[in-house]
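So the structure is just underneath, and the comments pick up after that.
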Amino acid sequence: MPAVHDRGGWPTDEPIDRQEHEWADWERQTQSLRTVLDQKGMMNVDELRRGIESIDPGEYESTTYFERWSASIEMNLVEKGVLTTEEIDERAAALRDRWGNPG
Amino acid sequence: MSEGKDRGGFYDTGWQPAGDVHRDEDGRPHDHPGLQEDVVLGVRASRALAMHELLVEKGVIGGHDVDDAIELWSERVPSNGATLVAKAWVDPEFKARLLEHPKETVVESGFVPEHNADIIVLENTSTVQHMVVCTLCSCYPTALLGPPPDWYKSFSYRSRAVTEPRAVMSEFGLELEEDVEVRVVDSNSELRFLVLPRRPAGTEGWSEERLATLVTRDSMIGVSAPLSPDSVQN
């Protein structure tokens, strides 16, 4: 059985959904945050990929594209000691409170 | 589809730079500058925004760096690739160079390949149709086509492009003759592909600019043909 990201030839007859979702601001920000981290030499595209490919298979299949990017960026920044999981937990909780939804 | 307006692969969400979010006394963002406040903020979304805030506060990145990168991304649009295709259709020397030295030609044309990746341009003919996929994720010539569309990143496209490309093309409205050979190419982070579609019949004497209006993003991925000349207003 190939790894979860290795999708070529997986048996499925699901039609291609050609509808484009409207990008949320956080998705644009996340795409560009990765670009900035690359420009600063802090996270290249291979590190992004390695992070995405390390996601738990269940999470990989149940999350959206940029949710996987978010998980990979976090994995890389925590591993490199740039940020800690705790401070991200705390700030993310504060942001969700600020937004007024349980997230 | 919500209210986002298709701008050749980009969707206008009314996005505003997030560098200076105005906040109420209780810290909630207000007006429209900054991030949408009417969406449910999921866990991964909130963690992405939290990382951005923390990186700026720590001085790891500048407060406007991300906005600048968003601006850069807005210059990556499918019309970039379309100008190359249209030029190749009218200028045989340019076409030969684009096929033989694609990366150099892309750079000379003013485009900056993402991640300095290599690029190969694949010419469709009456007997060969190329189709591009990234089975592992979403590698794509973003400098020439913009960010990949959702369907390109979908599990179903990544799976089925390999096993039944003709059926996939059929879903995009392209019915190939039986004797046309289909070649599916799999992208990776170091190598991206641009399909050079066939010039539509009935466009003799057209200018590059006019021809470029026929070159769709999907025709440069190879899942469909360019628009027909009578489908566009002249």
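The values are calculated or read from the model by the stated rules, or taken from the named source; none is laboratory data. Just so it is clear, the structure is predicted and the values come from calculations on it, not from any experiment. Because the Cβ atoms are built from the backbone with ideal geometry, glycine has one as well, and the counts that use them run over all protein chains shown.
A few remarks follow.
- Neighbours by Cβ (under 9 Å, 6+ apart or cross-chain): first from the range A:6-30, without any contact (Cβ under 8 Å) to a residue 40 or more places away in the chain; second part of a loop (DSSP other than H, G, I, E, B) and among the charged types (D, E, K, R): A:13/B:164; A:22/B:3
- Number of residues in the range A:62-81 that are over 12 Å from residue A:33 (Cβ atoms) and either surrounded by 13 or more Cβ atoms within 10 Å (Cβ to Cβ) or facing chain B (nearest Cβ under 8 Å) (or both) equals 8.
- Selection over the range A:24-61 of residues that are among the aliphatic types (A, V, I, L, M), assigned to a loop (DSSP other than H, G, I, E, B) and more than 7 Å from chain B (Cβ to nearest Cβ) gives a count of 3.
- Pairs, first under 15 Å from residue B:119 (Cα atoms) in the range B:131-142, second modelled with pLDDT under 95 and of a type outside the set (Asp, Glu), C-beta under 7 Å, six or more apart: B:139/B:188; B:139/B:189
- Count of residues meeting criterion [over 23 Å from residue A:20 (Cβ atoms) and acidic (Asp, Glu)] in the range A:59-76: 2
- Single match in A:13, A:25 (criterion: farther than 21 Å from residue B:63 by Cα and of a type in the set (Asp, Glu)): A:13
- Looking only at the range B:149-196, and only at residues there that are over 18 Å from residue B:78 (Cβ atoms) and among the basic types (Lys, Arg), the one that is farthest from the other protein chains (Cβ to nearest Cβ): B:183
- Residue ID - modelled with the lowest pLDDT, chosen from residues in the range B:186-201 that are in contact with a strand residue (DSSP E or B) (Cβ under 8 Å, 6 or more places away or on another chain) and closer than 21 Å to residue B:104 by Cα: B:190
- Some residue of the range A:41-61 being more than 14 Å from residue B:54 (Cβ to Cβ) and among the polar types (S, T, N, Q): yes
- The range B:119-148, subset assigned to a strand (DSSP E or B) and surrounded by 18 or more Cβ atoms within 10 Å (Cβ to Cβ), residue farthest from the other protein chains (Cβ to nearest Cβ): B:121
- One residue from B:89, B:151 being surrounded by fewer than 23 Cβ atoms within 10 Å (Cβ to Cβ), in contact with a helix residue (DSSP H, G or I) (Cβ under 6 Å, 6 or more places away or on another chain) and either in contact (Cβ under 8 Å) with a residue 24 or more places away in the chain or assigned to a helix (DSSP H, G or I) (or both): B:151
- Taking the criterion of being in a helix (DSSP H, G or I) and hydrophobic (A, V, I, L, M, F, W, C), the residues of the range B:92-112 that qualify are B:94, B:96, B:98, B:99, B:106, B:107.
- Scan of the range A:82-94 for residues that are assigned to a helix (DSSP H, G or I) and within 10 Å of chain B (Cβ to nearest Cβ), ordered by number: A:85, A:87, A:88, A:89, A:90, A:91, A:92, A:93, A:94
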